[in-house]
Structure formats: C-alpha cells, structure tokens
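Beneath this line is the structure, given in structure tokens, with notes to follow.
Bear in mind that the values in this text are calculations on the coordinates, not laboratory data. Please read these numbers as outputs of a predicted model, since none were measured by experiment. Note that each Cβ is placed from the backbone with ideal geometry, even for glycine, and that neighbours are counted across all protein chains shown.
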Amino acid sequence: MRIAIINGRVLDPAQAAEEPVVRPVFIEDGRIVAALGADADRTVDANGLYVFPGLIDAHCHLRDPGYEYKEDIASGTASAARGGFTTVACMPNTLPVCDNAALVHYIREKAARQGKARVLPIGAVSKGQKGQELAEIGLMAEAGIVAISDDGHPVETSDLMRKAMLYASQFNMTVISHCEDMSLAAGGHMNEGVWSTRLGLRGIPDIAESIMVGRDCQIAGYTGLPVHIAHVSCRASVRLIREAKARGVPVSAETCPHYFASTEQACDGYNTLAKMNPPLRTPDDVEAIIEGLADGTIDIIATDHAPHHNDEKDLEFALASNGIIGFETAFGLGFTLLVKTGRMSLKQFIAAMTVKPAAILRQKLGSLAVGAPADVLVADLERPFAVDKRQMLSKSRNTPYDGMTLVGRPVLTLYEGRITHDELC
C-alpha cells in the first residue's frame, strides 16, 4: 500500500532535527521511501498534527499464553496500536513461563497472525522464574527473544545475576532487572510511609528497590556488561543510577507513567486500582523520577501494561493483584505531565519512547529514515480528551486514570505501512 502523509509536523529524534519540520512522509511496501513510485492509495492530510516514529514499549505484559482472560496478543496489540505503539516487548511471566524456545515460537507465530503491533518476546532469566538455574537462553535467542528478565520476580542471588549478564552478552542481549529485595518487600502492599500507616497496610520501603539497584550497578561495573533497570520508582534508585552512569557503568533504566503521574495518596480509600509493584511513592520520589527523565538518568518510558480481570482488583486491598493497564494512556500522560509542563522537550519525550528503547532492545527501529520500517504515529497535540476505560480495547479495565483529561492523542498508527488505528478516516 502506498500512503502519503502530508502537511504534518515531523519529528524524528533519531535524526538531526531538534524541532518538528513540516514535510511529507511517504510509505510504500511497508517502508519509508523518499518518493512514491505511483499515486498514493491514501493521502493523509496531517495539517495541524504531528508525525513521529511509532512508539516502542520495552516492558509490557500480554498475558498470552495462560491468562488470556485478562489479555491476549490480539487484544493487547490492538490496545497498543490505539496508544500509538508499533512495537511491544512482552515479559515472560506467562503460564507456562516463557523460558524455552517453544514458547518463544508460539508468541512470535501468534503475533504474526493476529498482532496489530510488532511483538518482541523477552525470555526468562531462570527456569520457571524460580531463580535457581538459568533458562535456555541460547535456544531462546535463536528463536527470537530480544532480552531476558525474571520480571515479576527479582533475581535474588548476585551469582545468578552475574551469570545471566555474562550469558546474555554472548547473544548481544541485556538483562532487564526487576529490582526488589524480597526480605524487605515480602508481605507489603504499598509504599511504606505515612499513608501505609494511616491505612493500616503493611508497607514496602523504597530501599527494597534501591538496594537491588545498587547491587546490579555494582555487577555491571565489575563485569563491564550492560544491565537495564526496570520500572524505577524512587529517588534513591535514580541517584544510584546517576552515580553509576557518571562512573561509566553500562546501566540503562526505565520508568513508567504512573511513577511520574501518581503518588501513594492514590491508594487512599483502599483504591486497588492504585496498587502496583513497585508501589506508588511520595511526591519527592515523583519529582526525582521527572528529574531523572529530564537529565537522561532514566533513559526510557515503558508502560508495564499489566491487565487484570475485575475480580482480581475488586476485593480487599491486601488480596488485590498488582498492576494497571497502560497502553492507551502512556502517551497522553507523558505529553500532558512532562512536555506541556516544560519538564521535558518534545524531542526528549519522543526519544524516550522510540529510538532509545529500540537501542536498549538492540533493534533497528524507532526512526522515520528512508528505508526504515514504516512504523508511524500521527498525534493531535492540541485536542484534550477524557480517559474512558469503557472505550479501551484491552480486555481489562484496571486503570486509575478513568475520567482524567489529557492532551496528546494518537489519531493514526501504522505498523510496517499497515494502518492499525485510525481516527482520521
């Protein structure tokens, strides 16, 4: 299909321009081209709109296989496309755990048939995510994983983490680390502090995260091998990562929109929609997360899209599952709270959701350069919209942002030149 996107303000952080430039973007046979070989099958007039590379989510949960009642590859990628994502990397805590080549093949083949976005499987660090012995990393790498992680569980022993980093490096992959000291976090339900005391809930101290962040930075520094820190939530972690980077340690990091959009106070009233892991923290931590994004300490924004059935959220706080859905709110939350407030430039924000996650996952994606896959997001950065969970395409509805007014709405998404979300037709 030949598509011409005209009159849009184009910004591609992978290229030199610092500001959006009005120019056409041409698509033919699933690639960005300099000019079309024949008349366009569709011309998109993007006057007043912005054109970016398709968003890349380096951390999500598609729940497939095993938990398809919460989400599956078809529904998850449809939700991702509506949110402007053209590539999503899915974590391995499925049922069974994605710790072998057969599961990797299943995910890739199902995504090829049903996906509205590119699905990049992440394999488990350890067999069954039990933290005892390494999974079949080499065979999974041959089958197509892009990283390894025991996300949902920490790699508790330093020895196994070191071995994982050494082994992953042989396949040009990084380890994505879920940093949580279970001796401090076990049994906790929200951030330890004033609000946990007020609500009578057992808390999780921020040092449960930062202690493991420090450990993994030390291992990366000792081995000279990269590690990526998942879902950073607190000031102490940001400080440790900043200091490690200053020493030349090969560490990268992500945060999620809820860690710059919400605080622990959102749990008031025993609101299980605000229950997640790591937990929402204090206003000071939120400020540190934003500072970390602004100065590059935190490299990327990931969703940690974590769908749950209503029955797993509509019960006592201590029994509720952790996590929220994020595909359809990530762009709007980031643009509204980071760009419109002047805390990040538009280029910084788009880079944190395109070319930077592509680099961490070692993928040649996240650019509108000629010859690149035609993964494109067209967004309206002027029109306010209200989050409506009833209209979301995810199977689950566990978002704390229902009813919130945001600015920055994806209106057209193309994955390899195929239109996967369209509000302009």
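Once backbone amide H atoms are built at 1.01 Å from N, Ser177 has His228, Ile229, Ala230 as its partners under 5 Å, excluding neighbours fewer than 5 places away on the same chain.
Between Ala112 and Met182, the modelled labels are 3.6 nm apart [label points 7 Å from Cα along Cα→Cβ]. Think of the chain as having a plus end and a minus end, set by charges on the Cβ of Lys, Arg, Asp and Glu; of Tyr401, Thr413, Ile301, Thr413 sits farthest toward the positive end of this dipole.
As a length-normalised measure over Cα pairs under 8 Å and 6 or more apart, the relative contact order of the chain settles at 20 percent. Here each label is just a point 7 Å from Cα along the line to Cβ, and for Arg362 and Asp159 those points are 2.6 nm apart. Within the range 86-127, the proportion of C-alpha pairs whose separation exceeds 16 Å stands at 30%. Computed from the C-beta positions of Ala102 and Arg247 and an R0 of 56 Å, the FRET efficiency is 0.85 to the nearest 0.05. Applying D = kT/(6 pi eta Rh) to the range 211-276, where Rh is the Kirkwood radius over alpha-carbon pairs, T corresponds to 4 °C and eta to 1.567 mPa s, the Stokes-Einstein value obtained is 99 µm²/s. Each helix, a run of at least 4 DSSP H residues, gives -39500 (n - 2.57); summed and divided by the residues of the chain, these come to -8000 deg cm²/dmol at 222 nm. Within the range 346-378, whose backbone N sits under 11 Å from a point 7 Å along Cα→Cβ of Arg31? Within reach of a label on Arg31, which here means backbone N under 11 Å from a point 7 Å along Cα→Cβ, the range 346-378 contributes 370-374.
Here the chain is assigned +1 on the Cβ of each Lys and Arg and -1 on the Cβ of each Asp and Glu. Its dipole about the Cα centre then comes out at about 440 debye. Full extension of the chain segment joining Leu424 with Leu95 gains 114.6 nm, where the gain is 0.36 nm per residue of separation less the Cα-Cα distance. Can you give the translational diffusion coefficient of the range 213-344 in µm²/s, computed by Stokes-Einstein from the Kirkwood radius over Cα pairs at 20 °C and 1.002 mPa s? The calculation lands on 138 µm²/s. Give the value in nm², to one decimal: projected area of the alpha carbon convex hull of the chain, averaged over all directions. The number I arrive at for the chain is 18.7 nm². Between the residues Val119, Gln132, Phe171, the greatest Cα displacement towards the positive end of the dipole of the range 112-203, with unit charges on the Cβ of Lys, Arg, Asp and Glu, is found for Val119.
Its Cα centre serving as origin, the range 52-141 has a Cβ charge dipole (Lys and Arg +1, Asp and Glu -1) of approximately 220 debye. Please work out the FRET efficiency for the pair Gln265 and Ala318, using the Cβ-Cβ distance as r and a Förster radius of 22 Å; give the result to the nearest 0.05. The computed FRET efficiency comes out at 0.75. For the range 160-288, the fraction of C-alpha pairs farther apart than 18 angstrom is 53 percent.
In the chain, once you exclude exposed GluC sites (Glu not before Pro) (DSSP loop, at most 15 other Cβ within 10 angstrom), what's the longest stretch remaining? Result, exposed sites excluded: 134-315.
How many percent of Cα pairs in the range 283-425 exceed 24 Å? When all Cα pairs of the range 283-425 are counted, 40 percent exceed 24 Å.
The label point for Val21 and the one for Tyr69, both projected 7 Å from the Cα toward the Cβ, are 5.3 nm apart.
In summary, the range 77-175 shows an alpha-carbon radius of gyration equal to 1.07 times the 2.2 N^0.38 Å reference for compact globular proteins.
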